[in-house]
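Enquirer: Encoded as structure tokens, here's the structure I'll be asking about.
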Amino acid sequence: MTSQHELSSSVVPQSAVANVSAWQLPGALAGLVGAGTLAIWFFVLDVSRGQPLHTPTVLATALVGSASELQSPETLRASVPLTLLFTLVHGAAFLAIGLGASWFFARIGQVPRLGLAILLLFVVLGGGFFVFAIVFARMPVDELFARDVLIGNILAAAAMVLYLMRHHPSRDPT
């Protein structure tokens, strides 16, 4: 009788298994780096405005709250449970984006040049946020918040790309 190990070894070549795992860890870590960068950006902005945890509270309210609560987001009180909820959702989204970017870079055989890679990830991050904010959460986005999101997404994309350029198995050493 054939063992599970023999069956999996004969169906999937070892090199394919090694390649899959080789890009997964850098992708997951890049996603966490991006999520952390964006979280720090908004924490610094919120603290500088005298409203710590305001942004994740508003975004979590957009996920689980009613539309009436978002009519005047400035009146929302900071909430640790809502912040934790949004942190989990935000982390999962960035984890998926990091894995997707790492997989893409593995498929093309290298991490693209810095500017192109940042642009690619920025478009994904920015587009993803605005689809979430406008379509799914029906959240009003003012100019100040849109600017902060754009800057934060550029920082997150740059952090993810710099991490992948340094740690991705198919990175271009030049």
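Values in this text are rule-based calculations from the coordinates and carry no lab data. Not measured: the values here are computed from a predicted model. Positions of Cβ are backbone-derived with ideal geometry, glycine not excepted, and every protein chain shown enters the neighbour counts.
Enquirer: Using the C-alpha atoms of the stretch 19-167, what convex hull volume per residue, in cubic angstrom, is computed?
Expert: Working: hull volume 15.7 nm³, N = 149.
Convex hull volume per residue, Cα atoms: 105 Å³.
Enquirer: Sequence gap at least 6, Cα distance under 8 Å: using those rules, report the relative contact order of the stretch 19-167 to the nearest whole percent.
Expert: 39
Enquirer: Now for a different question. When the Karplus curve 6.51 cos²θ - 1.76 cosθ + 1.60 is applied with θ = phi - 60°, which whole-Hz ³J(HN,Hα) does each residue of the stretch 35-42 get, with x for Gly and Pro?
Expert: Once θ is set to phi - 60°, the couplings for the stretch 35-42 become 4, x, 4, 5, 5, 5, 4, 6 Hz.
Enquirer: How far apart, in nm, are the 7 Å Cα→Cβ label points at Arg147 and Arg113?
Expert: Reported label-point gap for Arg147 and Arg113 is 3.1 nm.
Enquirer: Can I ask one more? Place +1 on the Cβ of every Lys and Arg and -1 on the Cβ of every Asp and Glu in the stretch 19-167, take the dipole about the Cα centre, and give the residue among Thr75, Val89, Ala159 whose Cα lies farthest towards its positive end.
Expert: Result: Ala159, furthest along the dipole toward the positive end.
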